[in-house]
Amino acid sequence: MASLSVKPGQRFTVPDWQNNSLLISADAEQQRYNSHHIRQEGRALRNETGNQARWDEHNTRTRLNDRITSVDRWREALARCLTDIDLEIDALTKVKEAAENALHAKNLCLDVAIECLTFRESRRDIDVVRDPVEEELLKEVKVIEKTKKELQQRVDEAFKQLCLLKEARQQLNCDHRHKVETLELDRQCVSFNVTSGNISFKVNPTRIPDGTTALREWELNSQCNKDRAEAEMRASVDLRGAITLSIAQTNNELDAQRIATEFALRKRIRDMEGALSELRWQEQNTLEEIAEMEEEIRQLEEDIRKRTLDLKVAHTRLETRTYRPHVELCRDQAQYGLTDEVQQLEGTIRALQQKRTESQDALDALYRQLHRIQTDIGYKTNSLQLDNKCMDTRRKLVIPVEKFEPEVDAVNRTRNLPRNSQLELA
């Protein structure tokens, strides 16, 4: 009969088996409990961290949007300020060009005034006087130089102000460009999400980069740039007003002086024409008197010649009667009469000769006076030509130079004057 084989090893009792089963059940219950508790904690943590992450991302997006709004508001303000400063730069540039044109126009006025003074330096002898025309011309030169100096100062101020405006604009433009770049980056940050293809881990992303500024400093920088630009624009507006006023004042002052100069010049021309008329009248009368004096001298010489012939007759009669014979050579009434006649004729001839000498002296004086009158006519004719040439030259101030044509050649202004009024000087 075969024997029963028994599995070798330790044998447990039923209670051990039951205890083991109970222990396994208890351990399973405990593990399930622990697992359930961990699952609950994990779920709670997931919910909490998920919510926190979503809120953090929402807050971050909100802050980015708020920041974008703030930066964009500053960008718009800077853009408006840039537009305003560009307009002000253009306006100041135009006013500066107007001042430069006004300054350039003063060169023509100065040239005309100096040219008139130079013309009048060609006056001769007694006509070289310090008359009101010369005083007004010298005053005009001073006024022009003063206005040129003032306008040049305004042009220099405008140039400096343009430099300040452009410097402020450069800072504004730089700040505006930086804000545009910042907006682009922040909008890019807002667009990032978990599905974006260009997200990745970065090395030390929480570091503080060099050059980082505080929010207050950022606001102050933009505000300072804007305030400086607005201050420079206000200064530019004030300067434009001052330049415009200076141009108007200098033009008015110069116009008033020009009118005074031309008034004095016209009055001088009228006075000169009156003096010339008076001199020509004197010349005509002197010529008539010379003609009458020459005729008188000729009559005196004719009378002297006749009285000389009468004296010769009386002398011949007296000499002839000296040949009467003997007692006939008596001093009769005829002898006394001839003697008286000779004495009377000799006295008459001496008186006529004296009168001829006086008349010749008077004639010489008339010729000298005529020469003096004709010389003065020549001086005044020359002065009148020069003053009329000054009037022609001053037409450049109201007529464009390229259209300027003298009305009459100043050299030939007196071409139609009477020939006897033209003095030929050796």
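The values are calculated or read from the model by the stated rules, or taken from the named source; none is laboratory data. What you see is a predicted model, and the numbers here were worked out from it, not measured in a lab. When we count neighbours, we look across all protein chains shown, and the Cβ atoms used for this are built from the backbone with ideal geometry, even at glycine. Each accessible area value is taken on the protein alone, full model and side chains, heavy atoms only, with ligands, DNA and RNA left out. Shrake-Rupley method; radii C 1.70, N 1.55, O 1.52, S 1.80 Å.
Can you spot a residue in region 238-254 that is under 19 Å from ASP131 (Cα atoms) and crowded, with 16+ Cβ neighbours inside 10 Å?
To start, the set of residues in region 238-254 that are under 19 Å from ASP131 (Cα atoms) comprises none.
Scanning region 238-254, I find no residue that is under 19 Å from ASP131 (Cα atoms) and crowded, with 16+ Cβ neighbours inside 10 Å, so the answer is no.
Assess whether GLU302 counts as being at pLDDT 90 or above, open to solvent by less than 60 Å² (accessible area, probe 1.4 Å) and charged (D, E, K, R).
Criteria met by GLU302.
Please specify each residue of region 87-110 satisfying the condition of being open to solvent by 50 Å² or more (accessible area, probe 1.4 Å) and more than 16 Å from ASN251 (Cα to Cα). Give the steps one after another, and end with the answer.
Just the residues of region 87-110 that are open to solvent by 50 Å² or more (accessible area, probe 1.4 Å), to begin with: 87, 90, 94, 97, 100-101, 104, 107-108.
LEU87, ASP90, LYS94, listed by residue number.
What is the one condition in (1) assigned to a helix (DSSP H, G or I); (2) free of Cβ contacts under 8 Å to residues at least 24 places away in the same chain; (3) not basic (Lys, Arg) that TYR323 does not satisfy?
(1)
Checking the condition open to solvent by less than 80 Å² (accessible area, probe 1.4 Å), among the polar types (S, T, N, Q) and closer than 28 Å to LEU172 by Cα, which residue from ASN59, ASN65, ASN34, ASN51 passes?
On inspection, the qualifying residue turns out to be ASN65.
Taking ASP16 as the residue in question, decide whether it is acidic (Asp, Glu), modelled with pLDDT of 90 or more and surrounded by fewer than 12 Cβ atoms within 10 Å (Cβ to Cβ).
no
Return yes or no: is LYS94 touching a Ser or Thr at 6+ places or on another chain (Cβ under 8 Å), farther than 28 Å from LEU220 by Cα and assigned to a helix (DSSP H, G or I)?
Spelling it out, it is not the case that LYS94 is touching a Ser or Thr at 6+ places or on another chain (Cβ under 8 Å), farther than 28 Å from LEU220 by Cα and assigned to a helix (DSSP H, G or I).
Checking LYS142 against (1) surrounded by 16 or more Cβ atoms within 10 Å (Cβ to Cβ); (2) farther than 19 Å from ASN388 by Cβ, which test does it fail?
(1)
Any residue at all in region 270-279 that is in a helix (DSSP H, G or I), open to solvent by less than 70 Å² (accessible area, probe 1.4 Å), closer than 28 Å to GLU358 by Cα and not acidic (Asp, Glu)?
Yes, because at least one residue in region 270-279 is in a helix (DSSP H, G or I), open to solvent by less than 70 Å² (accessible area, probe 1.4 Å), closer than 28 Å to GLU358 by Cα and not acidic (Asp, Glu).
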